[in-house]
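Report on the following structure.
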Amino acid sequence: MSPEADRPQGRAAALVEVFARLRKDSRVGLMTHIVFGYPTVEASRHLVDIMARSGVDLIEVQLPFSDPTADGPTITHACQKALDRGVRVADGLAFAREVTKKYAVPILFMSYFNVVFNYHEKGEARRGVAAFAKAAAGAGAAGLIIPDLPPEEDQERYPETCREHGLHPIYVTSPNVNDRRLEAIAKAASGFVYATSRTGTTGREVQIAMEELGRFLDRAHRLCKLPVAVGFSISKREQIEALSGKAEMAVVGSHLIQVYEKLGLSALEREIRTLAGRKD
Amino acid sequence: MNGKKAKSGQRPPVPKSPPAGKFWGLEELDGVPLPDERGHFGIYGGRYVPEMLAPALEELTESYFRWRARPEFQRELEKLWETYSCRPTPLYFAENLTRHLGGAKIYLKQEGLGATGAHKINHCLGQALLASKMGKKRLICETGAGQHGLATATVAARFGLPCTVYMGAVDMRRQATNVFWMRQLGATVVSVEEGTRTLKDAVNAAMKDWMWNVAETYFLLGSALGPHPYPAMVRDFQSVVGREVRAQLEKAEGRLPDAVIACVGGGSNSIGIFNEFLAEPQVELVGVEAGGRSLKPGEHAARFEGGRLGVVEGYKSYFLQDDDGQIQKTHSISAGLDYAGIGPQLAWLRDQGRVRFVSASDHEVIAAFQLLARQEGILSALEASHAIAYAMRYAPELPADKIVVVNLSGRGDKDIFILAEALKDPDWKAYCKDYAEGKIR
């Protein structure tokens, strides 16, 4: 893409700013995750509030899907519960509109491609990527994370359509992926690349093989020429610190849901502050 | 090329035999590749999976297309089909049923006579052989009714590979006999407690297992759907059904059928029998979906009666889903058809007007099962009884010189509990009660 024509505006620009600031401070950033509507929409509001106040750098808002193939049991269960309570995609968009007005921290939508592909404005017949991208940008999101849309499927000019609406198309990649595929992601992606620390699904505590991960992150940086966020099996401040010099951002998802479920909101706040490296 | 039935009295020409050594599915129709190199059938199909599965699917695609072209692979598989299962399965002229219905001649392709009682063994032997050639150490699969799980557990035992079968908790209760048999065959059966706890959730669970164990595990997918290359590969392994029908009918009648009818869940048995006739426009192809209790959302599994285009479980096709794209609950009296999606090639063939889709209700299906049992002494699986149900409607509309082939994809032994319940058989219920109470030894 030509940097002049596609210079990000608004929230997309704020996301680029986040990474510039992290580089300046030589700090590994923190992206935290919620499943919208789990356990309730009100709880999602509290969670985002805590995250924003605790100095989280990015927030990933997962719009629940009935068949979340990349997620482990914790997030799959959370999605199912939210859907059982009747949460709709439109509610998630309204929620984002509300929180992006209130807080400066950029938010990204994460979901599965069928949700994007089937989205339509009320009363409009036309469904698809453009309709969703317009709505997501209108709600103040900075980007989309769609793990089941590989670059070669390029549905409805997905990456271009995202950028035209001021959204970063964030691609998820993994250590077993070859250079050719990383290069394809490099062509499509902007903002940053989401690298999983290992293969498998989200939310299982697994010892991360740091040396192997380091080699993969080098490769991802070299081929994609974008900041890299690392997710999957990250639940401790030490792990985030260990990413220093290897990645720009750490992503914590399932762990926070587990803390919230077991220990409640105030414990979650302490946990997020610890993860964010806040000493106060 | 519009799937309309041939004009009455106009006899299809005598077919030529397929080219020797031609082992797989039709690769092109009207200039459209089936599929293209990235697995698309027109706008359908593709490979919509998380990146970490891409290397495994690329490896599988490359290995599959390399192995299937080798005559020794084909010979080995054909020998397994013949000696381990039962190929060719008979094509039987259902004379009593034909007389009873009074119309076109009805032939039945008896896939239920193969090993494990359904057509699933065809692609399970093919995929297990491929897995062993690829040096894979473990098989995993999903199952709905348990027929695919049973066939996978069977071939796992035959090839000496450990096997894990993912099955929805609801299906495990509905199909407890198959769970028992799978365990006897040495498979680990894992109960899937997520989502609707049925087939789609079992597919998700198997995919997730694969993400964790992607290097050494072979995911033996059970239908002509999912990410590329599964729709093409399963079709290829099932295409033996249609090839046999052509040769058998040529011998019996010296000509092609006028119509071929098959039930459609994911699409493995239907694409298996249709494939051979796709390029023969005079042969009408009819897919019968599960009409369930009614055509209200949640009451059926007829994707073309209320489904919409979507991208789920790795492929683009028609899915039963709500306005937000959330997959809906489905229902069918036959667990094997109780699924929200349909194979991508079938969705494309429908758009082309090459395959016509209809649905049969649970009620019609039970009547069809009973009619076939009484008329021909054949106990058909509830899945295949959908195809019979439509043949009962359609054959009487056709003149007596027409020929209809129905794919009897499986036999009905497995459905004894569901049928006894649906038919409210008092003796069976009393037997189950007495047996459970230890009164019968």
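Worth pointing out:
- Across the range A:224-245, the number of residues qualifying as under 17 Å from A:Val193 (Cα atoms), surrounded by fewer than 19 Cβ atoms within 10 Å (Cβ to Cβ) and touching a residue at least 24 places away in the same chain (Cβ under 8 Å) comes to 2.
- The set of residues in the range A:78-89 that are more than 7 Å from every other protein chain (Cβ to nearest Cβ) and within 20 Å of the chain's Cα centre (by Cα) comprises A:Ala78, A:Cys79, A:Ala82, A:Val87.
- The number of residues in the range B:341-382 being assigned to a strand (DSSP E or B) and hydrophobic (A, V, I, L, M, F, W, C) comes to 4.
- Residues that are more than 13 Å from chain B (Cβ to nearest Cβ) and out of contact with any His (no Cβ under 7 Å at 6 or more places or on another chain) were ranked within the range A:122-144; the one that is surrounded by the fewest Cβ atoms within 10 Å (Cβ to Cβ) is A:Gly138.
- Filter result for B:Ser385 (at pLDDT 95 or above, of a type in the set (S, T, N, Q) and not in a helix (DSSP H, G or I)): no
- Inside the range B:185-216, residues that are away from chain A (no Cβ under 11 Å) and in contact (Cβ under 8 Å) with a residue 40 or more places away in the chain make up a count of 5.
- Apart from one condition, B:Tyr339 fits all of (1) closer than 26 Å to A:Arg127 by Cα; (2) more than 17 Å from the chain's Cα centre (by Cα); the exception is (2).
- Residue among B:Arg38, B:Arg47 that is touching a Lys or Arg at 6+ places or on another chain (Cβ under 8 Å), within 14 Å of chain A (Cβ to nearest Cβ) and crowded, with 18+ Cβ neighbours inside 10 Å: B:Arg47
- Some residue of the range A:212-229 being small (Gly, Ala, Ser), in a loop (DSSP other than H, G, I, E, B) and more than 26 Å from A:Ala12 (Cα to Cα): no
- Among the residues listed as A:Pro147, A:Pro175, A:Pro169, A:Pro151, the single one being in contact with a Gly (Cβ under 8 Å, 6 or more places away or on another chain), under 25 Å from A:Val251 (Cα atoms) and within 14 Å of chain B (Cβ to nearest Cβ): A:Pro169
- Residue list for the range B:182-204, filter: at pLDDT 90 or above and within 20 Å of the chain's Cα centre (by Cα): B:Met182, B:Asp201, B:Ala202, B:Val203, B:Asn204
- Which numbered condition B:Leu113 misses (of (1) hydrophobic (A, V, I, L, M, F, W, C); (2) surrounded by 24 or more Cβ atoms within 10 Å (Cβ to Cβ); (3) modelled with pLDDT of 95 or more): (2)
- Positions within the range B:138-197 being in contact with a Phe, Trp or Tyr (Cβ under 6 Å, 6 or more places away or on another chain) and within 20 Å of A:Gly72 (Cα to Cα), in sequence order: B:Ile140, B:Glu142, B:Val190, B:Val192
- Matching option when the condition is in contact with a strand residue (DSSP E or B) (Cβ under 6 Å, 6 or more places away or on another chain), free of Cβ contacts under 8 Å to residues at least 24 places away in the same chain and of a type outside the set (Phe, Trp, Tyr), among A:Ser66, A:Ser44: A:Ser66
Residue-by-condition table, conditions (1) touching a Leu at 6+ places or on another chain (Cβ under 9 Å); (2) farther than 24 Å from B:Leu256 by Cα:
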{"residue": "B:His100", "(1), (2)": "yes, no"}
{"residue": "B:Gln110", "(1), (2)": "yes, no"}
{"residue": "B:His123", "(1), (2)": "yes, yes"}
{"residue": "B:Gly126", "(1), (2)": "yes, yes"}
{"residue": "B:Ala131", "(1), (2)": "yes, yes"}
{"residue": "B:Lys137", "(1), (2)": "yes, yes"}
{"residue": "B:Gly149", "(1), (2)": "no, yes"}
{"residue": "B:Val155", "(1), (2)": "yes, yes"}
{"residue": "B:Ala176", "(1), (2)": "no, yes"}
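- Any hit, the range B:408-420, residues being exposed (fewer than 15 other Cβ atoms within 10 Å of the Cβ), over 24 Å from B:Glu284 (Cβ atoms) and of a type in the set (Lys, Arg): no
- Set A:Tyr112, A:Tyr119, A:Tyr103: member being within 14 Å of another protein chain (Cβ to nearest Cβ) and either at pLDDT below 95 or touching a helix residue (DSSP H, G or I) at 6+ places or on another chain (Cβ under 6 Å) (or both): A:Tyr119
- Candidate set from the range B:303-326 (those that are touching a helix residue (DSSP H, G or I) at 6+ places or on another chain (Cβ under 6 Å) and in a strand (DSSP E or B)); member that is nearest to A:Pro68 (Cα to Cα): B:Val312
Per-residue answers, yes or no, for (1) among the basic types (Lys, Arg); (2) under 20 Å from B:Phe65 (Cβ atoms); (3) touching a strand residue (DSSP E or B) at 6+ places or on another chain (Cβ under 8 Å):
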residue: B:Cys124; (1), (2), (3): no, yes, no
residue: B:His148; (1), (2), (3): no, no, yes
residue: B:Ala156; (1), (2), (3): no, no, yes
residue: B:Trp181; (1), (2), (3): no, no, no
residue: B:Thr217; (1), (2), (3): no, no, yes
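- Each residue in the range B:186-215 was checked for being of a type in the set (D, E, K, R), in a loop (DSSP other than H, G, I, E, B) and in contact with a strand residue (DSSP E or B) (Cβ under 7 Å, 6 or more places away or on another chain), and 1 pass.
- Beta carbons closer than 7 Å, at least 6 apart along the sequence or on distinct chains, pair a first residue in the range A:119-134 that is farther than 15 Å from A:Gly92 by Cβ with a second that is modelled with pLDDT of 90 or more and among the β-branched types (Val, Ile, Thr) for A:Val129/A:Val116; A:Val129/A:Thr161; A:Ala130/A:Thr161.
- Filter result for B:Gly292 (on the phi > 0 side of the Ramachandran plot and either within 12 Å of another protein chain (Cβ to nearest Cβ) or surrounded by fewer than 21 Cβ atoms within 10 Å (Cβ to Cβ) (or both)): no
- Residue in the range B:255-272 that is part of a loop (DSSP other than H, G, I, E, B) and over 30 Å from B:Ile366 (Cβ atoms) present: yes
- Residue that is nearest to the other protein chains (Cβ to nearest Cβ) [pool: residues in the range A:190-207 that are crowded, with 24+ Cβ neighbours inside 10 Å and either acidic (Asp, Glu) or over 18 Å from A:Gln239 (Cα atoms) (or both)]: A:Thr201
- Inspection of the range B:168-185 finds no residue satisfying the criterion of being surrounded by fewer than 24 Cβ atoms within 10 Å (Cβ to Cβ), part of a loop (DSSP other than H, G, I, E, B) and not hydrophobic (A, V, I, L, M, F, W, C).
- Some residue of the range B:211-226 being aliphatic (A, V, I, L, M) and touching a Cys at 6+ places or on another chain (Cβ under 9 Å): yes
- Which listed residue is within 14 Å of chain B (Cβ to nearest Cβ) and in a loop (DSSP other than H, G, I, E, B), from A:Pro64, A:Pro39: A:Pro64
- In the set A:Gly55, A:Gly86, A:Gly72, only one residue is free of Cβ contacts under 8 Å to residues at least 24 places away in the same chain, surrounded by fewer than 24 Cβ atoms within 10 Å (Cβ to Cβ) and not basic (Lys, Arg); that residue is A:Gly86.
The values are calculated or read from the model by the stated rules, or taken from the named source; none is laboratory data. The model shown is predicted, which means the values in this text are computed figures rather than measured ones. With ideal geometry, Cβ positions are generated from the backbone for all residues, glycine too; neighbour counts draw on all protein chains shown.
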